[in-house]
Each structure stands twice: as C-alpha cells, then as structure tokens.
Amino acid sequence: MRHLTVIFSLICLLFTAQAAKADRRVAFVVGNGTYKNVAPLPNPTIDAKSMAAVLRNVGFEVVEGTNLTRDKMTERLLEFGKKAQGADVAVFFYAGHGIAINGTNYLLPIDADIKSEMDVKLGAAINIDLTLDQTMSDAKVKLVFLDACRDNPFAAKIKSNSATRSVSVQSGLAEMKSGEGTLIAFATGPGQTALDGQEGTNSPFTRALMANIATPGIEIQQAMTKVRAQVNEETNKGQLPWGHTNLIGAVYLNPAAAPAANAAAPSSGPATVASISGGSDVELEFWRSVKESNKPEELNAYLTNYPNGQFKPLALARIASLENGPSTATRTLAPGIDPATLTEAANQTTEDQIGLDKVKRRDVQRRLTGLGFDTKLTGVFDDPTRTVITRWQAARGYPQSGFLNKLQHKALLTEIVAVAPPTAAREAPVEKPARPARASAGNAAAPPPPQRGPDPGGAAFVGGLMGGVVGGMLRR
C-alpha cells in the first residue's frame, strides 16, 4: 500500500509539471562575437549556447544562432517571428555588440561595417524596437534580455563622419520602455558598459540569468532582483543590470509543481518526492549529460550551475585537456610579464625563489579559495594545497606541477578574488585568520568570482529521474 501511495504521488507530480509547462514557449537566442571589422568578443557565443540550454530545459522551443551575418540574423528573426505568433511566452536573448544612436538601439551582425549614421539607417545594423515589435508583439508574455552593453566599437567613425554635430552616439545602449506584458532587461544601466568576462566563460549578466531565471518556483521579477544583486556583487559594484517591466500577473519560467503534489499526498509521500527531486540527483544527471563533451562551454555550464559541485575537479580537468595550450587573449597579467613564458614549468626550486613566507602562503591559499579552488588557510603548502594548485594550473592552461614560479605567482595576484570572512571549514583550528587581501584595482577583464548561492534546478532531468523510480517500483 505504501508503494501505491508513493507511485500515486509521483504520477501527480509528473502530470502537474507537464500541465505547468503546457503553454507554448518560444525563444530567440543569438550570440555574435567574431566580428569582421572590429575586435572580436570572446564570450557571446558561449553565452548564447548556455542560455539556449537553460531555456530548452524549461520547455522552450529555441531559434538559435551564433556569429550571424546581417542576412543570417534576418533569417533567424523571420523564423522566430513565425513561431512566436500567439505564443504564451516569447524570450529574446542577444549577446554581442550593440550601439545607440540618437536614443535608438541597434544590434550588430558580425559583418557590420559602420562608418556613419547613414550606414545604420540603411540597414547595416538591426533596430531593436522594430525587431521586437515585428517578432514578439503577438505573444502574451515577452521577455527581452540584452547582454549587448559593451563599448560602441564604431562610435569614433560615426562621429567623425557625421554631417552635423547633433548626432548622439553613446556608450552602451539607450533606455527602452516596455509595452504591456513585456519585461526588458539590460546587462547594465543606460549609457553604461558591461563586462564580457574572462574568455571561455559566461559574462556576469548571462551567468546571473542562468543561475536565477529558471529556478523552480521563482517569479521572473523576483529572479531579476536576484540577477541584479548577483552581478553587482560579482563586479564589486562596477555593473548593475537595469530593466523596465510592464508585466501583468506573475510569470514563472519553471513553476514549482512539487509543493502542490506534496500537499495532496499522504504524510508518507513528501519525503520520497523530495529525495527524488533533490539537487544531488539532478546534478548527477547534469554531469552525466556533459562529462564526455568536447565543448568547453557545456562543461562550463555545469560549473556555472554547480560552482561547488562534486564533479567540479573533473570538469576543470576536462576543460583544461580540451584547450590547446594557455589562452592569454583576455587574461590580465601583471605588467612586464611575457604571456609566452607562462608555459614554463614550476618546481620546488622555482617556488623557493619567490620567497614565500607563511603569511604569503596563506595569501596564496586565500586567493585560490576566492577563485573557487577551496583549500585551508594554513600557510603550509601540504599535499591538499599542492592538489589545489594543480587544479588551478589546469584551469588556466599552465603546466601542472603543484608548484609555483614567479610568473605564475604574479598572474595569480592579478586575478580578482572573492575575499570572504574565513570559515571554520577552511581555517586551520589553531590559526588566527590574517586580514583579507584586497583585490587588485583596475582589473576589469579578470573573471568574476564564482557564486556560492543556491544551485538552479535542472528541471529537464526531473521527469527522467522520476520515471526511473516509478518503473523500478512497478517492477517490484
């Protein structure tokens, strides 16, 4: 009888979850990074692929593209516009370059070559207002996420070639108002610029979106409050997302079906349901889906969703094995360091030459912990610390020895870390914690520290997990 009760609870949960996602959901997700006429951006394509995966996991049909020309973007927008007609929820996500001219925002295809305002008006860029009106106006709920607030790469040319001095070309994007049933979110405030993040990862804004908008049971406007807080904290208050909303009613990208099912179930049911939908099982399924991947962005998606996950070392090691040597395209190095020399191996001798006393060793351990490579702050480089140093070297593409040399040590000092009050788990029990070191100033290109908040739910895997449990019970 107990088994029948549990089975009934699980079946109710499945049907409730399916009903919650029965609405028609369509998304446009594009990331442009390999620009032909201006400097490329390292992360928009990764941002787009990561967001596409998150949205698919909560039931969206995704029209996806990366590094699109003007013609290809038009094709994708036409496809999206057709699919979005009458949709219950339509999402528009863009990562890449955007510009604002005279208060109007435009997205830039990778083949854009803008020398004047006339180029923009003749179609070299894509008018955001017109695009949203033409593609999403018929959807009931419209959510727009623009991670396009980078510096305007064509600003100087447009100004110099302007026929009059009245043309206004600003950094970042201009303010936009949302119509009924619409939420518009920018990576940062109007006229300001946003960080792209370290190469091979997500931008701070996209990372925060992924961590919050699909959390089970979180309403979208509550999620955006969390997004703003996360980005503001990660960038040391250097970037604050901005938005405008005119939504009518609550919008959930991932409705919480479990509480309703639990409320209707007998007292013996909830514990079983909770164990099935627990984060550890979802994390395991997530890891199984990407562990053999040859795409670093998919492994980075796991690290984004589970920054302290049990498979984090394996993910970092696999990412390192997929890289073709160390990348220095966006790595912030101390002045005078030749990036080519970072391939030099380190050993006990090279580490001794740095002259690290106990205080400096603690500082190394603190910085590694702040970057997500957790170790105890003992001031002693024991075997566990050597293992952590090896993991850090693997993640950065350095030769993996567990020892440091002067160049690697300087590179570590340039990385912005999350300096938090030491915890009992990290501090040695007899040591008095040293004062936290300040993050190096002016280091905008360094990666934001990993978040340690609640892991977002992997909703796409819950159905499969419950199906396996139900099948196992029926076979008994």
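Across the stretch 138-156, what is the number of residues that are open to solvent by less than 70 Å² (accessible area, probe 1.4 Å) and either at pLDDT below 95 or over 21 Å from ARG207 (Cα atoms) (or both)?
11
Could you grab me the full set of residues in the stretch 185-214 that are in contact with a Lys or Arg (Cβ under 8 Å, 6 or more places away or on another chain) and in a loop (DSSP other than H, G, I, E, B)?
Residues satisfying the conditions are THR193, ALA194, ASP196, GLY197, GLN198, GLU199, THR201.
I'd like to verify a number: residues in the stretch 386-406 that are over 22 Å from LEU314 (Cβ atoms) and either small (Gly, Ala, Ser) or open to solvent by 40 Å² or more (accessible area, probe 1.4 Å) (or both), how many?
2
Quick one: count up the residues across the stretch 40-51 that are open to solvent by 40 Å² or more (accessible area, probe 1.4 Å) and either among the small types (Gly, Ala, Ser) or free of Cβ contacts under 8 Å to residues at least 40 places away in the same chain (or both).
Of the residues in the stretch 40-51, 1 are open to solvent by 40 Å² or more (accessible area, probe 1.4 Å) and either among the small types (Gly, Ala, Ser) or free of Cβ contacts under 8 Å to residues at least 40 places away in the same chain (or both).
Determine whether the stretch 203-215 contains at least one residue that is modelled with pLDDT of 70 or more, within 23 Å of the chain's Cα centre (by Cα), among the basic types (Lys, Arg) and under 18 Å from ALA52 (Cβ atoms).
yes
Restricting attention to the stretch 157-167, does a residue exist that is within 20 Å of GLY249 (Cβ to Cβ), at pLDDT 60 or above, among the basic types (Lys, Arg) and open to solvent by 20 Å² or more (accessible area, probe 1.4 Å)?
no
Select from the stretch 369-385 the residues that are surrounded by 17 or more Cβ atoms within 10 Å (Cβ to Cβ), over 27 Å from the mean Cα position of the chain (by Cα) and not small (Gly, Ala, Ser) and list them in ascending order.
Passing the criteria: LYS376, LEU377, THR378, PHE381, THR385.
So VAL359 fits all but one of (1) part of a helix (DSSP H, G or I); (2) open to solvent by less than 30 Å² (accessible area, probe 1.4 Å); (3) over 16 Å from ALA315 (Cα atoms); what number is the exception?
(2)
Whether any residue in the stretch 276-290 is modelled with pLDDT under 80, closer than 24 Å to THR390 by Cβ and part of a loop (DSSP other than H, G, I, E, B) is what I want to check.
Within the stretch 276-290 (the criterion being modelled with pLDDT under 80, closer than 24 Å to THR390 by Cβ and part of a loop (DSSP other than H, G, I, E, B)), the answer is no, since none of the residues qualifies.
The values are calculated or read from the model by the stated rules, or taken from the named source; none is laboratory data. Fair warning: this is a prediction, and the values are worked out from it, not measured in the lab. Positions of Cβ are backbone-derived with ideal geometry, glycine not excepted, and every protein chain shown enters the neighbour counts. Heads up: the accessible areas ignore ligands, DNA and RNA and are worked out on the full protein's heavy atoms, side chains in. Shrake-Rupley method; radii C 1.70, N 1.55, O 1.52, S 1.80 Å.
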